[in-house]
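Here's the structure, in structure tokens; my notes come after.
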Amino acid sequence: MNSSIVISNVSVIFGGGANAVKALDQVSLEIAQNEFFTLLGPSGCGKTTLLRCIAGFEIPSTGSIRLDGVALEGLPPFKRPVNTVFQSYALFPHLTVAQNIAFGLQERRVAKAEIERTVGRMLELVKLSGYGARKPAQLSGGQQQRVALARALANSPKVLLLDESLSALDLKLRQDMRLELKRLQRDTGITFVFVTHDQDEALTMSDRLAVMRSGQVAQIGTPSQIYDHPRSKYVADFIGDTNFLSGIVRDNRLETQSGFVPIPADLPQGSKQTVAVRPERLRLVSDGGDLRSRITQIVYMGNETMYHLEGDMRVRVPNNAGATPQYALGAEVGLVVPLSAVQPLEDAS
Amino acid sequence: MTSSQNPLWRFPGLQAIIWFFFAFLYVPIFVLVALSFNKNDAATLWTGFTFDWYRVVLENDNIVRAAQNSLIVALSATAVSTVLATAAALGMAGRRFKGQNVFNALVGLPLLVPEIVTAVASLLFFLSLGIPLSLVTVIIAHIVFCTPFAYLPIRARLEGLDPRINEAAADLYSSPLRAFWRVTLPLLLPGILSGAMLAFIISLDDFVITFFVAGAGATTLPVYIFGMIRIGITPEVNAVSSLLLLLSIAVVTLSYFLGQRGAAHSS
Amino acid sequence: MTRAAPTVKQRLERIDLLGRWGLILPAALMIFSFMALPMLVMALISILEPGNFGGVKWGAYSGDAYQKFILERDLSDHLVVNTDYLSIFSRSFSLSAVTTVLTLLLGFPSALYIALQPPKRRQILMFLVSIPFWTNLLVRTYSWILLLRNGGLIQSGLEVIGFRGSLNLLYTDFAVQVGLVYSFLPFMVLPIYTSLEKLDWRLVEAAFDLGANRWSALRRVILPLAAPGIASGCILVFIPALGSYFIPELLGGSRALMIGNLIQNQFGASRNWPFGAALSFALLAFVLVLMLLYALRFQRNLEAQS
């Protein structure tokens with residue numbers, strides 16, 4: 001892998017003495033050049049702290065961060081070839097849109113004509129040509145977001161850091177901006193490091209993502225690796241909807257309370273094991289099936305129907321096929337569990 | 001917000017400036033208070049600790065009378081201006097209406113007009129109307145410039161109150177008057193107290209306006225101190241000045257902590 | 001067209017408005033009668049002729065008081081330029097301007113330092129700033145006499161390190177300057193701190209992120225955003241400094257006169273009420289113009305930003 005950012009053993013401790021909080025705990029990961037990399041996790045998991053370490057706003061207590069082989073220690077933010085799109089956008093309210101975008105170039109003493117050209121190009125890139133003379137307060141949230149993006153990209157940074165950059169937008173705009181961001185990343189060829197708590201954002205945009213939990217990296221992988229093969233209960237639970245099935249491994253099957261589930265061959269006989277199965281991978285049948293259960297609740301969700309079953313299980317059934325039989329509340333049903341849908345978890349309990 | 005661990009936020013030189021800043025603000029005050037306890041009556045040489053000068057001050061009838069006048073003026077001005085300010089703040093709170101800006105401008109007037117101008121205007125006004133200068137004229141002038149100082153904290157406090165609480169009171173069968181008595185007033189009290197204390201300090205400390213509108217026999221403490229300073233520097237002046245200083249500091253501190261408590265309550 | 005009868009809502013609003021004015025009126029009347037009205041009287045007196053032994057001649061209008069700012073009648077009753085008062089004006093202006101600059105140079109970094117502290121420490125420091133703000137200005141001015149006079153603390157201090165002779169610091173323009181800076185320094189810090197406290201420090205982070213070093217971030221982001229606070233600090237210092245009376249009276253020499261002393265003289269030794277009123281009125285007019293400029297410049301700014 002042609003690494004752009006190498007983070008090794010980074011810890012950040014806030015406060016001191018008894019009140020010390022470990023915001024980051026021995027985090028190590030590598031981000032490739034031109035990659036769209038996402039740090040995903042709930043609030044307080046340390047993802048923003050890690051981003052701020054890369055930007056230079058926080059200083060790691062231990063560990064190092066290297067950018068293209070150069071250690072960033074001791075470099076203040078204004079000497080790092082990275083730029084940030086802030087969560088609140090942090091647009092300068094006293095400057096116009098064009099002045100905001102020109103800010104970084106002026107700091108680097110770029111020639112006036114060159115600045116003008118770049119600002120024009122950036123406005124075009126984020127589809128805001130003609131808005132250069134406005135003040136940020138005169139723009140909508142989505143437009144402000146794009147100005148913040150243009151302001152950061154204008155400096156052609158090696159890495160663009162995005163801190164929950166879409167969370168302030170409404171749903172429709174957010175979905176548009178996802179595509180927009182992805183397009184910009186492809187067009188500019190810049191490494192994007194994106195911080196979010198929104199799993200949909202992470203799955204749809206990232207080349208790879210790191211799921212974080214209380215200051216540590218829980219799992220790193222491509223969206224499909226993370227979604228289809230979560231290694232821990234935490235990751236499986238945080239991303240998407242999941243059924244957890246627990247039981248004892250016997251004869252390459254998992255013996256659970258409601259029946260037998262097929263499992264991969266390499267699990268030790270007689271061990272306790274928990275597996276994750278996505279609700280959309282399960283199939284409901286009237287007779288037979290690997291598991292038997294009873295329908296406790298039916299939730300109509302437009303494109304699909306969610307069946308809640310006894311034993312804390314859920315099954316999603318698409319509504320498109322008229323062929324799908326309808327089941328009634330309280331009906332006893334069977335569940336077919338394909339082997340490919342079964343993901344054994346490392347934390348067995 | 002800002003990470004204090006990061007040297008990024010340390011602007012070079014600020015530390016030195018802040019030390020100089022506080023030294024500059026406080027050294028003269030400490031020197032004054034220290035010298036008021038100095039045995040030596042001549043100069044700044046420290047020759048020993050004594051309370052004598054305070055005894056001298058308290059035995060000086062003129063000073064005691066001036067202090068009494070100061071208290072009479074400050075207490076009456078505080079009482080009247082706080083009532084006026086509370087009423088006005090209640091009238092101004094809540095919705096916007098026509099003419100509000102007229103009152104805003106009026107309240108701002110005593111705050112931005114130089115004291116000497118107010119003093120001259122008041123003096124000329126009383127003289128041309130043939131009103132004899134006395135303690136009464138002093139009190140009237142003090143009420144005027146104390147009102148904005150009392151008004152501002154009360155207004156700020158009202159602004160911070162949730163307008164819904166009155167609706168909640170009404171919902172729970174309180175008439176507007178009862179709601180004011182049981183809900184608004186108790187919540188407003190810290191603001192009123194801190195406004196009253198500011199008015200008290202401002203009145204107690206005022207020199208210029210009092211100097212102009214005080215008639216014979218209406219000398220307040222600052223005016224008397226001014227007279228003493230012009231005659232000569234004595235340890236007695238140090239003592240009486242220190243007393244005035246400490247009184248102001250005590251009231252400010254009290255007002256500050258009351259404000260803190262009020263803020264803690266509302267949040 | 002028939003006028004529609006007032007709805008219940010309109011009637012309630014009218015009652016509410018009456019109640020509001022009932023509450024506001026006492027304070028408004030008090031300030032109007034004893035502040036606004038006296039200023040009108042002062043303006044009127046400034047265009048009257050002075051009485052022979054103080055007071056004024058009612059009904060005898062004259063522009064002499066204003067003319068006197070720059071002109072006087074010589075022995076042969078010709079008008080000639082008199083620079084006595086002009087020099088007092090210019091001294092007042094320059095002392096106040098220097099005071100404003102010095103308090104800004106000392107006050108802004110101090111406010112910045114305080115604003116960058118953790119919340120608890122910030123509160124304590126601002127409390128320490130506000131104590132001098134609320135304590136007696138006269139007494140604080142007096143304390144400088146103890147420091148500056150011959151045989152005072154500064155001289156004694158210098159003697160310790162070997163200096164001999166008198167400094168003659170007191171009763172000079174220098175002493176007045178020190179006194180003015182000392183007195184009005186908290187007036188500069190409080191509004192600047194207020195604007196810095198409201199400042200969104202993420203904007204400064206953004207500036208750092210875009211390659212601005214501390215100095216550049218200060219110049220391009222912090223200063224422009226703190227400009228309203230700086231401007232109101234300057235006004236809060238400049239206006240009372242310009243109108244100061246007892247600071248030059250106590251610390252300045254007989255020649256270190258400022259406008260305030262000149263005004264006071266007209267009601268003491270000189271007994272020229274119209275001239276005193278004219279001086280006061282000119283000062284007032286100047287202050288109002290200053291405030292108007294401030295409002296025009298920053299009120300619009302605030303609206304645009306919010």
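The values are calculated or read from the model by the stated rules, or taken from the named source; none is laboratory data. Not measured: the values here are computed from a predicted model. Note: ideal-geometry Cβ built from the backbone for every residue, glycine included; neighbour counts use all protein chains shown.
Here are the numbers:
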quantity	calculated
Selected residue [over 27 Å from A:Val235 (Cα atoms) and not hydroxyl-bearing (Ser, Thr, Tyr)] from A:Gly44, A:Gly63, A:Gly56	A:Gly56
Scope segment C:152-166; condition surrounded by 15 or more Cβ atoms within 10 Å (Cβ to Cβ) and assigned to a loop (DSSP other than H, G, I, E, B); matching residues	C:Gly152
Condition check for B:Pro110: in contact with a Lys or Arg (Cβ under 8 Å, 6 or more places away or on another chain), within 11 Å of chain C (Cβ to nearest Cβ) and either closer than 21 Å to B:Ile249 by Cα or in a helix (DSSP H, G or I) (or both)	no
Residue match in segment A:298-308 (condition: touching a Leu at 6+ places or on another chain (Cβ under 8 Å) and within 19 Å of A:Ser232 (Cα to Cα))	no
Number of the condition not met by A:Leu91 [criteria: (1) part of a loop (DSSP other than H, G, I, E, B); (2) under 24 Å from A:Leu181 (Cβ atoms); (3) free of Cβ contacts under 8 Å to residues at least 60 places away in the same chain; (4) not acidic (Asp, Glu)]	(3)
Residue identified as small (Gly, Ala, Ser) and more than 13 Å from chain C (Cβ to nearest Cβ) among B:Gly99, B:Gly91, B:Gly48	B:Gly48
Residue match in segment C:254-271 (condition: within 12 Å of chain B (Cβ to nearest Cβ), part of a helix (DSSP H, G or I) and surrounded by fewer than 17 Cβ atoms within 10 Å (Cβ to Cβ))	yes
Index of the failed condition, A:Leu166 passing every other in (1) more than 13 Å from chain C (Cβ to nearest Cβ); (2) surrounded by fewer than 21 Cβ atoms within 10 Å (Cβ to Cβ); (3) assigned to a loop (DSSP other than H, G, I, E, B)	(2)
Filter result for the condition that a residue is in a helix (DSSP H, G or I), out of contact with any Phe, Trp or Tyr (no Cβ under 6 Å at 6 or more places or on another chain) and within 11 Å of another protein chain (Cβ to nearest Cβ), over C:Ala207, C:Ala175	C:Ala207
Single unsatisfied condition, A:Phe103 versus (1) modelled with pLDDT under 95; (2) farther than 16 Å from A:Val195 by Cα; (3) at the interface with chain C (Cβ under 10 Å from one of its Cβ atoms)	(1)
Per-region count, segment A:266-298, residues farther than 22 Å from A:Pro338 by Cβ and either among the aromatic types (Phe, Trp, Tyr) or touching a Phe, Trp or Tyr at 6+ places or on another chain (Cβ under 8 Å) (or both)	2
Residue among A:Asp200, A:Asp187 that is of a type outside the set (Val, Ile, Thr), within 22 Å of A:Asn83 (Cβ to Cβ) and surrounded by fewer than 22 Cβ atoms within 10 Å (Cβ to Cβ)	A:Asp187
Close pairs from segment A:98-113: first more than 13 Å from C:Asn213 (Cα to Cα), partner among the small types (Gly, Ala, Ser) and assigned to a helix (DSSP H, G or I), Cβ under 7 Å, at least 6 apart	A:Ile101/A:Ala150
Hits in segment C:100-118 - residues which are more than 7 Å from every other protein chain (Cβ to nearest Cβ), without any contact (Cβ under 8 Å) to a residue 12 or more places away in the chain, within 20 Å of C:Leu225 (Cβ to Cβ) and part of a helix (DSSP H, G or I)	C:Leu105
Selection status of A:Val97, over 19 Å from A:Phe192 (Cα atoms), at pLDDT 95 or above and either touching a Phe, Trp or Tyr at 6+ places or on another chain (Cβ under 8 Å) or not aliphatic (A, V, I, L, M) (or both)	yes
Any helices (runs of 4 or more DSSP H) falling wholly within segment B:127-229 and containing at least 1 residues that are in contact with a Gly (Cβ under 9 Å, 6 or more places away or on another chain) and within 12 Å of another protein chain (Cβ to nearest Cβ)	B:135-160, B:185-205, B:208-213
Qualifying positions in segment C:280-294 - aliphatic (A, V, I, L, M), more than 12 Å from B:Thr118 (Cα to Cα) and without any contact (Cβ under 8 Å) to a residue 60 or more places away in the chain	C:Ala285, C:Val287, C:Leu288, C:Val289, C:Leu290, C:Met291, C:Leu292, C:Leu293
Subset tally (residues that are surrounded by fewer than 16 Cβ atoms within 10 Å (Cβ to Cβ) and in a loop (DSSP other than H, G, I, E, B)) for segment A:268-325	19
Candidates B:Gly91, B:Gly48 - the one that is surrounded by 15 or more Cβ atoms within 10 Å (Cβ to Cβ), modelled with pLDDT under 95 and of a type in the set (Gly, Ala, Ser)	B:Gly91
Meets criteria (at the interface with chain B (Cβ under 10 Å from one of its Cβ atoms), buried (at least 23 other Cβ atoms within 10 Å of the Cβ) and not aliphatic (A, V, I, L, M)) for C:Gly243	yes
Segment B:192-223, residues that are surrounded by 20 or more Cβ atoms within 10 Å (Cβ to Cβ) and not hydrophobic (A, V, I, L, M, F, W, C)	B:Ser194, B:Gly195, B:Ser203, B:Asp205, B:Asp206, B:Thr210, B:Thr219, B:Thr220, B:Pro222
From C:Gly19, C:Gly51, C:Gly63, residue being under 30 Å from the mean Cα position of the chain (by Cα) and surrounded by 11 or more Cβ atoms within 10 Å (Cβ to Cβ)	C:Gly63
Out of C:Pro38, C:Pro26, C:Pro50, sole residue that is more than 9 Å from chain B (Cβ to nearest Cβ) and under 20 Å from B:Ser122 (Cα atoms)	C:Pro50
Every pair of residues 6+ apart whose Cβ atoms lie under 8 Å, when the first sits in segment A:63-80 and is under 18 Å from A:Ser11 (Cα atoms) and more than 10 Å from every other protein chain (Cβ to nearest Cβ) while the second is surrounded by 20 or more Cβ atoms within 10 Å (Cβ to Cβ) and among the hydroxyl-bearing types (Ser, Thr, Tyr)	A:Leu67/A:Ser4
Output for segment C:131-153, where each listed residue is more than 7 Å from chain B (Cβ to nearest Cβ), out of contact with any Pro (no Cβ under 7 Å at 6 or more places or on another chain) and either β-branched (Val, Ile, Thr) or more than 15 Å from C:Pro248 (Cα to Cα) (or both)	C:Thr141, C:Asn150
Residue count, segment A:255-269 (criterion: among the β-branched types (Val, Ile, Thr) and farther than 7 Å from A:Asp290 by Cβ)	2
Cβ-Cβ under 7 Å pairs, at least 6 apart or on other chains, segment A:1-22 side without any contact (Cβ under 8 Å) to a residue 24 or more places away in the chain and assigned to a loop (DSSP other than H, G, I, E, B), far side exposed (fewer than 15 other Cβ atoms within 10 Å of the Cβ) and aliphatic (A, V, I, L, M)	A:Gly15/A:Val21
